Amino acid sequence: MMQLSILDLAPVCEGSDTTQAFANMLDLAQHAEGWGFHRYWLAEHHNMPGIASAATAVLIGHVAGGTKRIRVGAGGIMLPNHSPLQVAEQFGTLASLYPDRIDLGLGRAPGTDQPTARALRRYFDSADQFPQDVRELLHYFEPAQKGQAVRAVPGAGIPVPVWLLGSSLFSARLSAAMGLPFAFASHFAPDAMDEALAVYRREFRASQYLQAPYAVLGLNVVASDSEAEAKRLFTTQQQSFVNLRRGLPGLIPPPIDDIEAFWQPHEKAGVQNALACAVVGDVQQVQEGLAAFVARHTPDEVLVTANIYDHAARKRSFGLAMQAWRALQV
């Protein structure tokens, strides 16, 4: 059966705080495990008040420690912000604590704005070195050799699955050349999705890590008891995207009844393009939307995300998404 997984950004909502965001994150992960989701990934972002997953490895440990079976990982770690050795040590530690449950997805973007990227120190010096940094990181997970001067402790000899993430052809080609699984950020940057998938599958070379190409696609899914309510819940994410484009990133806003009164025509066009990969509606509509998405793009796995203001509604949305997915698989 094709797997369904979750991408979470640990959203911080208006009227709430990071402590509550982390409690909600763990609660959702525990429910996701019970519903049968395959993975629970968290993404590195910085200087964004509405996203609390900056210390991604710390949160992965918290989620893994509060669950039993579900795979937990990074979707992803923005490698140019970090030393490959430190990332290997962090994820070697996580994989030692939670064997065969930790995934490491790697991205090339800073996950933030330019001033913050400079404050992170490494990004502008190492972004162009991304392929070399990936190879260095993979090397640290290999068994240590006699006389090896630098090794990841823990990390050496621990099989942590490494993924490459991207929204362009660059990571598609690099994933293919290195024989690594690939996750495309179609949930917010879908323009190059079809071409990237084709390039990845056409150019893939089998490796010690993976024998055949394996591609995951991101998809926004908002489900509720009615189409009208699902569309209303989706206005939270639409507002957040508009605010980001206005240079006003903030906490996650509550839904509104009239999104048309909120955005300008050019903002609407931009957000609708960015969120083109979205399935919004009741269970039947979500089932049909998932079926159409899978049939058109043929991913090996789907990574769903939902930026919903109310935690109970967000949980219900993911639960209904899995209900629709199971019906689709049958």
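Derivation of every value follows stated rules applied to the coordinates shown; laboratory data play no part. Model, not experiment: these values are computed from the prediction. Using ideal geometry, Cβ is built from the backbone for each residue, glycine included, and neighbour counts are taken over all protein chains shown.
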Practice problem: Pick out, from Gly247, His139, Asn24, the residue whose Cα sits farthest towards the positive end of the charge dipole of the chain, with +1 on the Cβ of Lys and Arg and -1 on the Cβ of Asp and Glu. | Solution: His139
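If the chain between Glu14 and Gln284 were fully stretched, how many nm would it gain, using 0.36 nm times the residue separation less the Cα-Cα distance? Mind showing how you got there, number by number?
Numbers: separation 270, 0.36 × 270 = 97.20 nm, distance 3.09 nm.
So the chain would gain 94.1 nm between Glu14 and Gln284.
Would you kindly work out the equivalent ellipsoid of segment 135-205 from its C-alpha gyration tensor and give its semi-axes, the square roots of five times the eigenvalues, largest first in whole Å? Show your work: numbers first, answer last.
Details: eigenvalues 185, 29, 14 Å².
Its equivalent ellipsoid spans semi-axes of 30, 12, 8 Å.
Where the only charges are on Cβ atoms (+1 Lys, Arg; -1 Asp, Glu), what is the dipole of the chain about its Cα centre, to the nearest 20 debye? Mind dumping the intermediate values first?
Working: 26 positive and 31 negative charges, 172 e Å.
Charge dipole of the chain: 820 debye, to the nearest 20.
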Practice problem: State the extension gain, in nm to one decimal, for the chain segment bounded by Met1 and Gln145, taking 0.36 nm per residue of separation less the distance between their alpha-carbons. | Solution: 47.9 nm
Exercise. Determine, at each q value in 0.13 (inverse angstroms), the log₁₀ of I(q)/I(0) that the Debye formula gives when each Cα of segment 3-329 is one equal point scatterer.
Key: -0.97
Quiz item: What does the charge dipole of segment 233-307 about its Cα centre add up to, to the nearest 20 debye, if the Cβ of each Lys and Arg holds +1 and the Cβ of each Asp and Glu holds -1?
Solution: 300 debye
Self-check item: Under the Karplus curve 6.51 cos²θ - 1.76 cosθ + 1.60, θ = phi - 60°, whole-Hz ³J(HN,Hα) for segment 324-330, x wherever Gly or Pro sits
Solution: 5, 4, 5, 5, 5, 5, 5
